[in-house]
1. Local charge sum around Gly125 (other residues, Cβ-Cβ under 10 Å, Lys/Arg +1, Asp/Glu -1)?
2. What residue among Val63, Ser51, Pro91 has its Cα farthest toward the positive end of the dipole of the range 7-156, where the charges are +1 on Lys, Arg and -1 on Asp, Glu, each on the Cβ?
3. In the neighborhood of Ile98, defined by Cβ-to-Cβ distances under 12 Å, what is the net charge if each Lys or Arg adds +1 and each Asp or Glu adds -1?
4. Roughly how big is the range 7-156's charge dipole about its Cα centre, with Cβ charges of +1 (Lys, Arg) and -1 (Asp, Glu), in debye to the nearest 20?
5. For the range 7-156, what's the relative contact order in percent, using C-alpha pairs closer than 8 Å and at least 6 residues apart?
6. Consider all pairwise Cα distances in the range 38-143 and report the whole-number % of them above 20 Å.
7. Could you compute the FRET efficiency for Asp137 and Ser68, with r as their C-beta to C-beta distance and R0 at 45 Å, rounded to 0.05?
8. How much length would be gained if the chain were fully extended between Ala123 and Gln88, taking 0.36 nm per residue of separation minus their Cα-Cα distance, in nm to one decimal?
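Every read-out reported here was derived from the displayed coordinates using simple, explicitly stated rules and does not represent laboratory data. Just so it is clear, the structure is predicted and the values come from calculations on it, not from any experiment. A quick note on method: Cβ atoms are made from the backbone with ideal geometry, for glycine too, and the neighbour counts reach across all protein chains shown.
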Amino acid sequence: MMLKSRLALLVVLMTLASPSVARATVISFEAIDLADVSSGEDLWSYRYHLSGTPLGVDEGFSVFFDGSLYSSLSAGNTPSGWDVLVFQPDPNLPSAGIYDALSLTGGLSLSFFEVSFVWHGGATGPGSQFVEFYALDPAGAYGVVSSGVTGAVSQVPEPGSLVLMSGGVTAILVARRRRSSGQSPRSKSVSSPNRDGRA
């Protein structure tokens, strides 16, 4: 029993002694619906943004991709000073896919991390994901420091939706401008009668 207590105390002390910056780091994401390349595939990408306390050298994060919802993971933009690995999900095992980023220089990135994928979850679109933060401990092994979920920044519509939306906004602005300059086909000069009924 004494050995278990000492082991538990050792785990608590190692957790406190390991770098705590990862616990205060937040990952937010943008889910972007991309133009589909292959028929029947729903291509998306995540852009991850780090905020809060910077990660130190040899600290990183792993974002997990459910094998029943994601496939064909591919790393995109990677900020300088980071090493990124991508592991494909395997629904037959089942094994989650992983997007892993390790800080080589420390600090927050002013840029974003990007991974594209095929979405199998239907019309709702991809959302938050499980994430683990890890750090190199004094013994030279990587250990999980904290975990949580990514938080949404906003959902970015498909490029075609943006074109339609900008066309609608342009039409509204043109219509307002015509009305304010008197060019509306409905605007006619009609004299209104006075109170006594004469024009």
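1. Values: positive: none; negative: Asp33, Asp42.
Result for the local shell: -2.
2. Ser51
3. Numbers: positive: none; negative: Asp66, Asp90, Asp100, Glu132.
It works out to a net charge of -4.
4. Numbers: 2 positive and 14 negative charges, 78 e Å.
Result for the range 7-156 is approximately 380 debye, rounded to the nearest 20.
5. Values: 359 pairs, mean separation 46.3, N = 150.
In percent, rounded to a whole number, it is 31.
6. On the way: 2321 of 5565 pairs.
When every Cα pair of the range 38-143 is considered, 42 percent fall beyond 20 Å.
7. Working: r = 33 Å, r/R0 = 0.74.
In this case the efficiency is close to 0.85.
8. On the way: separation 35, 0.36 × 35 = 12.60 nm, distance 2.24 nm.
Once the chain is fully extended between Ala123 and Gln88, it gains 10.4 nm.
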